[in-house]
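Take a look at the structure below.
Nothing in this text is a laboratory measurement; each read-out follows from the coordinates by a stated rule. No experiment lies behind these values; they were computed from the predicted model shown. In this analysis, Cβ positions are derived from the backbone assuming ideal geometry, glycine residues included, and neighbour counts consider all displayed protein chains.
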Amino acid sequence: MTSARRALAQVVPGARRVLDENWTGSSTVPSRGLYPHQWSWDSAFIAIGSRHLSVRRAQRELETLLTAQWDDGRIPHIVYNPAVPPGAYFPGPDFWRPSTGNTGAPPGVATSGIIQPPVHALACLLVHHADPRASVRSGFLARTYPRLAAWHRYLTDRRDLGGGGLVAVVHPWEPGMDNSPCWDAPLARVEPVPPETFQRADLDHGAATDRPTNLDYGRYVRLAADYRDGGYRDGGYEDRPGADRPGAPAFVVEDPGVNALLIASEHALAEIAQSVGADPRPHHAGAARLTAALLDRLWDPAAGLFLCRDVVGGGLIPELSAAGLLPLLVPELPRATVDALLRTAAGEHFGLGTSVRLVPSYDLRGRVFDPSRYWRGPAWFNVNWLLERGLRLHGAVPEADALRAAALEVAAASGFAEYVDPYTEEARGTRDFSWTAALALDLAV
Ligand code: 2M8
């Protein structure tokens, strides 16, 4: 049997086992030990895979998350499982409660107050595609469409903090790539809280060398606490007295991955709108506006890559992250931009198909590249799944096929690792990780 066939034969039963073991009855934990609650973009990726096992379960996954949506439309990045002891994950549910009381969070559900990338409309559409008749019969799209539309409205109306038509994130946990070197400069301005004021739980389950540092955590806690204490207010600081704009977040970044996913999801929402008899045109128009803003504000022709913009400090951040390749998911990207991205993906910084088989999260030649440490170099399966989709979308079929084969092989061989060393393909982080299993399953079938 060839290694590709062996991988395929292992992936389907292995992925099913992981997803079954991590299913709680209403959603799926990313991993039983390290991440014992529901995470927003994890659930979107998980549903994309679990639709091949059970469409009803995939629908439930997404609807459990959408039930935790706040009044302002935001989908929180964590929905806490009340059955899990509070100390099992830091920060726990109590951390996010503001002293001022009401946040617009739904009653009876404990959630965080920050967000994650908007992959949800794309996930809902793909779950619908798995069995359109059952989906129409159960009213899945009709129920989810208004919530997804409110979510996108929150992002475009409340999170355009840079004023240039893109969504900004206010915490490194929001773009999902927690300790990306792109955040080093903006984070350097943040005064960390003292280490004795919080108790990390992640190091009980993961090697310290694979995880963010204590200094990173001190800054994550400071930013999250400030946002909470400001009542999760987005924008509107300009009218406040004081030169340092009290209440304004210290970390405001426009990330190409987050915005590319919103564009892909806005197109998916147009298709969902059409299916439920609503007008798809506003969604297409929204996607076109975001695409123009993405090209205008984040494209760097010299790098041949989309970069992050530091809204507080000003200017593009000169670090090359795999997030900058994710605009390949955008259908209306100009051909010259697509070609430049393909050259960058295969070039010395990402080495795809030349020095590595899976794209690393960060520049292989970067100043702080580390093949083991979380989002500072390792290859992640969600990023590679998105890239595979983007390559296929723009006709790079041999590259997409090679990436698919490698992802399947490495997912199975690594025990469905959270991430892998991009050179050796050895497992890093936790094992039996849900989105690795789900997305491998999606690539396998
Ligand atoms: C990681 O983030 C959480 C905080 O949200 C953590 O480090 O505890 C990231 O990899 C993020 O992208 C992911 O959604 C989450 C759960 O898998 O873990």
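Once amide H atoms are built 1.01 Å from N in the peptide plane, which residues 5 or more positions from GLU319, or in another chain, come under 5 Å H to H?
Residues meeting the amide H criterion: CYS308.
Please work out, to two decimal places, the log10 of the ratio I(q)/I(0) at q = 0.08, 0.10, 0.12 Å⁻¹ from a Debye calculation in which every Cα of segment 3-444 carries one identical scatterer.
-0.40, -0.65, -0.99
I need the GluC sites (Glu not before Pro) found in segment 185-293, filtered to DSSP loop residues with at most 14 other beta carbons within 10 Å of theirs.
GLU238
Where in segment 204-220 does the amide nitrogen come within less than 17 Å of the point 7 Å from the Cα of TYR423, taken along Cα to Cβ?
From segment 204-220, the list is 210.
Go ahead and set up a Gaussian network model of the chain, Cα springs under 10 Å, then flag whichever of GLY206, GLY108, GLY236 fluctuates most.
GLY108
Could you give the size of the charge dipole of segment 3-444 about its Cα centre, using +1 on the Cβ of each K and R and -1 on the Cβ of each D and E, expressed in debye and rounded to the nearest 20?
980 debye
Among ALA270, LEU155, ALA88, which residue has its Cα furthest toward the positive end of the charge dipole of the chain, with +1 on Lys/Arg Cβ and -1 on Asp/Glu Cβ?
Final value for the positive-end residue is ALA270.
Let me check the size of segment 361-411 from its C-alpha atoms; what are the radius of gyration and Dmax in Å?
Expressed in Å, the Cα Rg and Dmax of segment 361-411 come to 12.2, 33.
Loop only by DSSP, 13 or fewer other Cβ within 10 Å of the Cβ. Give me the trypsin sites (Lys or Arg not before Pro) in segment 346-392 that pass, ordered by residue number.
Answer in residue order: ARG365, ARG367.
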